[in-house]
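A short worksheet on the structure shown next.
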């Protein structure tokens, strides 16, 4: 699903250049659930941005679902993001003047789907995350956990190949975190490929594979026994 | 433009951001409103001043006399200069190539006039057929004096519209006989004058008749001319100036008046006044246009300002939209579409309010110097479009920049 070969990325700030990714080789197969860990400055967010086509690598190749992601113009990049990827952010990033339902329906708007069909699909995903009753509410009427669920529904709405989650539980308390993780695990169980950036050990252990990043290099990449969030919740 | 889905998106954004929409709209609407009122006031002043000049033919040259203020060639000051038929005839003879309309006038200021049981006191003027054009009169019924009337000293009268309504109360006047100073006159026509009621409270008769009826001999009170137009306004003014100077000198010589005496004989050309009026009008419209353009610039700046704020305010939203697959142009269009829509609606609202106010209050404003304030609809519409286009251009750059921002940066914006 994801193939990365000797990926390099550096940022120029004035005269100094900061080498963030120093040759990353990495691949993810369909249906995997991978967490990327590392301290701040390790390059994990940069890696996620590149994987999310929000940023572009300086060197190396990135293949997503058999498509080489290189030198894309803004228009194509937007189209690929819409088609291949679903984003879940730490700060939810919902549009605050749109209802939960309209937020979920938005990726479908950019796919050119008609309104009625859009809303029907969006409602389906809201049901899936258990928020059907909250469809008409604005984001500021929802709790943090509910907002993240709406964001997850939105990420799923366009039926992407890969879900990219950047610290999805970073703004939530541990109980809510586990509830959200349970939802994400269920989505993975249905076969969706999921990449998750986190610095919380317990969250990382709820995935199936942990990749450790340090100073722009992968120092450890191992499969782990998945801890089910549901059981953690009832401890 | 007719993408229904995008309209739905925009209406949603507008509905959810009522204050922002209202403020943007208000600045545009008030700009257009002020402009409409301003242009209308300018037009009203122009009309008002124009009306002052419509009373008589625009190029009319008038001659009238007074009392000498200086002694000359052994004659004492304080002598009244009386114009005679001869003065007129000789001038016409001398300048016949240049003259267009010409008339001498005898006048008594108030003549008691009676028809059946109705009566009134009106200005009585004896004149020649051309006088109709010199006075800018048009006939609503019958005809004006003609040469036959003049030669045969016919006792016929042409009455002003005011006289007609006073005496005849809307009944037929043509062919009826009215009594002026005890003599019966046959009414042959009714006229209107753009100068209004004052000018329409007059009765005209052939010069010859008036001189006979009022025992004037060959005395006349005024002479009026217009010159042949060359079709060029400035050349006409020049010709008119030369003519008035020549005529004044000639009449002064004939009546033995000191060349420096400005009281005894006055020859005045309306064209000079008209020129002054045109200059004034140009100044007025220039001024109002200047202020109007400044208003539009202020409106455009207002719109651009709001566009900047809107884009800034929505940076994060733009980032989110881009992350979930919005193409750059769809972002630009979303912002422009919304702003053009608001500007257009607000602009036309301002236009409608402005025109509405003019429609309601306009007719009530009828002073001597402001008349029929109105605005050229095309100009007003064009202004609205200029504002929309300028607003769109001004909004395009921030929108374009917003669309160029990397989604990851926009998402981090707070």
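Can you sort B:269, B:330 from fewest to most other Cβ atoms within 10 Å of each residue's own Cβ?
Neighbour counts put them in this order, fewest first: B:330, B:269.
Among B:385, B:348, what is the fewest-to-most ranking by other Cβ atoms within 10 Å?
Ranking B:385, B:348 by Cβ neighbours within 10 Å, fewest first, gives B:385, B:348.
Please report B:406, A:175, B:316 as a ranked list, fewest other C-beta atoms within 10 angstrom at the top and most at the bottom.
A:175, B:406, B:316
How far is the Cα center of the stretch B:241-307 from the Cα center of the stretch B:375-396, in Å?
33
Given Cα positions, please report Rg to Rh for the protein assembly as shown, the hydrodynamic radius being the Kirkwood one.
In the protein assembly as shown, Rg relative to Rh is 1.37.
I'd like the orientation of helix B:85-94 relative to chain B: the angle between its Cα long axis and the longest Cα principal axis, in ° from 0 to 90, rounded to 10.
Once rounded, the angle reads 60 degrees.
Restricting to the protein assembly as shown, what percent of DSSP beta bridges are antiparallel, rounded to 5?
Given both bridge residues lie in the protein assembly as shown, the antiparallel proportion sits at roughly 70 percent.
What's the angle, to the nearest 10 degrees (0 to 90), between helix A:74-84's Cα axis and the longest principal axis of chain A?
The angle comes out near 60 degrees.
Please compute the volume of the convex hull spanned by the alpha-carbon atoms of the stretch B:1-93 and report it per residue in Å³.
Output value, Cα hull per residue: 229 Å³.
Normalised by the residues of the stretch A:38-138, what does the relative contact order come to in percent, with Cα pairs under 8 Å and at least six apart?
The value is 20 percent.
Given the DSSP H assignment, sum -39500 (n - 2.57) over each helix run of at least 4 residues in the protein assembly as shown and divide by its residue total; what's the result at 222 nm in deg cm²/dmol, nearest 500?
Result for the protein assembly as shown, helices only: -15500 deg cm²/dmol.
Take peptide B:325-333, look around each residue's Cβ out to 10 angstrom, count Cβ atoms belonging to other protein chains, and average those counts.
Taking the mean over all residues of the peptide, I get 6.
What is the Cα centroid distance between the stretch B:198-225 and the stretch A:1-67, reported in whole angstrom?
106
Per residue of A:83-96, what is the mean number of Cβ atoms on other protein chains within 10 angstrom of that residue's Cβ?
3
For chain B, just list the percent of Cα-Cα distances falling in each 20 Å bin from zero outward, please.
21, 34, 22, 17, 7, 0
Find the relative contact order for chain B and round it to a whole percent, using C-alpha pairs within less than 8 Å whose residues are 6+ positions apart.
27
Roughly what angle does helix A:115-128 make with the longest principal axis of chain A, taking Cα atoms, 0 to 90 degrees, to the nearest 10?
The angle comes out near 80 degrees.
For peptide A:73-81, how many partner chain Cβ atoms fall within 10 Å of a residue's Cβ, on average?
The per-residue average across the peptide is 5.
Only the coordinates and a few stated rules stand behind these numbers; no lab work does. From a predicted model like this one, the values you see are computed outputs, not experimental measurements. So basically every Cβ, Gly included, is an ideal-geometry build from the backbone, and we count neighbours across all protein chains shown.
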